[in-house]
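Engineer: For reference, the structure I am asking about is given below.
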Amino acid sequence: MTGGIEHFFCLLYARRPSSTFFCIVAYYPCPPFVIASQLVGPNGTVIGVDMTDEQLAVARAHVDWHMQRYGYSKPNVTFLKGVIEDLLSVGIQDATVDVCVSNCVLNLSPNKPQVLSEIFRVLKPGGELYFSDVFCDRRLPAALKGDQEVLGECLGGALYIGTLRGREGGRE
Ligand SMILES: C[S@@+](CC[C@H](N)C(=O)[O-])C[C@H]1O[C@@H](n2cnc3c(N)ncnc32)[C@H](O)[C@@H]1O
């Protein structure tokens, strides 16, 4: 099962001036960042985290162009190098984020409970998490789970939908 980012941005029905968004993973100019940057406005903040220098370089290379397009005098997006399992190490403190957005990244983490724990740590009380991802309608064979190419295609680490729903066999 996969959901488009349109789903969670439909839920973000209104502009959120001056909010802090945390977008998991720094694909920029991917739609989550571009839309989040506009939703929070010039005085808001959008933070992205990615573990690769290559992806961060692509992300940072597009910032100025977008800021000019939006008419912002300074960037409201920032990209940090790190892993989403440990957001404190990139300086994201407890209860500082209004909205967390993930588009097809949770499946890539080998430690999903830790990622969710970090998300809930950084969200303010009443903060919101929106995600779309890939899920399986059956348990994957071990050979597929361990295949680096299948993992990289966002399939090997996909969670069994029954686990997400908390039934049909519980945890992975
Ligand atoms: C599928 S893409 C993300 C797609 C993006 N969110 C979008 O909307 O287009 C995968 C990215 O996740 C990053 N990544 C995977 N696991 C990560 C982790 N545990 N911590 C930080 N970045 C990770 C990779 O470096 C890669 O840039």
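The values are calculated or read from the model by the stated rules, or taken from the named source; none is laboratory data. Please read all numbers here as calculations on a predicted model, not as lab measurements. Neighbour counts are summed over all protein chains in view; Cβ atoms, including those assigned to glycine, are modelled from backbone coordinates with ideal geometry.
Engineer: So R121 clears everything in (1) within 12 Å of the ligand (Cβ to nearest atom); (2) at pLDDT 90 or above; (3) over 24 Å from V150 (Cβ atoms); (4) not in a strand (DSSP E or B) except one condition, right? Which one?
Structural biologist: Here R121 clears every test but (1).
Engineer: Taking interchain pairs and intrachain pairs at least six residues apart, which have beta carbon atoms under 6 angstrom, with the first residue in the stretch 101-113 and within 17 Å of V150 (Cβ to Cβ) and the second near the ligand (Cβ under 6 Å from one of its atoms) and modelled with pLDDT under 90?
Structural biologist: V105/V25
Engineer: For D133, state whether it is of a type in the set (D, E, K, R) and more than 16 Å from the ligand (Cβ to nearest atom).
Structural biologist: Values: of a type in the set (D, E, K, R): yes; more than 16 Å from the ligand (Cβ to nearest atom): no.
No; evaluated as a whole, the condition is false for this residue.
Engineer: Of the residues that make up the stretch 142-161, is at least one in contact (Cβ under 8 Å) with a residue 60 or more places away in the chain and not assigned by TED's automatic domain parsing to the domain that holds I35?
Structural biologist: Of all residues in the stretch 142-161, those in contact (Cβ under 8 Å) with a residue 60 or more places away in the chain come to 161.
Checking which are not assigned by TED's automatic domain parsing to the domain that holds I35 leaves us with 161.
There is at least one residue in the stretch 142-161 that is in contact (Cβ under 8 Å) with a residue 60 or more places away in the chain and not assigned by TED's automatic domain parsing to the domain that holds I35.
Engineer: Only residues that are more than 14 Å from the ligand (Cβ to nearest atom) and either outside the structural domain of L123 (by TED's automatic domain parsing) or surrounded by 15 or more Cβ atoms within 10 Å (Cβ to Cβ) (or both): list them for the stretch 38-69, please.
Structural biologist: Within the stretch 38-69, Q38, L39, V40, G41, P42, G44, T45, V63, H66, M67 meet the criteria.
Engineer: Does the stretch 109-135 hold any residues that are among the basic types (K, R) and over 13 Å from L164 (Cβ atoms), and which are they? Give the steps one after another, and end with the answer.
Structural biologist: The first filter runs over the stretch 109-135 and keeps only residues among the basic types (K, R), leaving 112, 121, 124.
Listed by number, the residues that qualify are R121, K124.
Engineer: Among the numbered criteria (1) crowded, with 17+ Cβ neighbours inside 10 Å; (2) out of contact with any Asp or Glu (no Cβ under 7 Å at 6 or more places or on another chain), which single criterion is violated by C104?
Structural biologist: Single failed check for C104: (2).
Engineer: I'd like the full set of residues that are exposed (fewer than 15 other Cβ atoms within 10 Å of the Cβ) and free of Cβ contacts under 8 Å to residues at least 40 places away in the same chain, limited to the stretch 117-137.
Structural biologist: Narrowing the stretch 117-137 to residues exposed (fewer than 15 other Cβ atoms within 10 Å of the Cβ): 117, 120, 124-126, 137.
Across the stretch 117-137, the qualifying residues are S117, F120, K124, P125, G126.
Engineer: Follow-up question, since we're still on this one. If the requirement is being in a loop (DSSP other than H, G, I, E, B) and more than 13 Å from the ligand (Cβ to nearest atom), which of these qualifies: D94, D98? Reasoning before the result, please.
Structural biologist: Details: D98 fails: in a loop (DSSP other than H, G, I, E, B).
From the options D94, D98, the qualifying one is D94.
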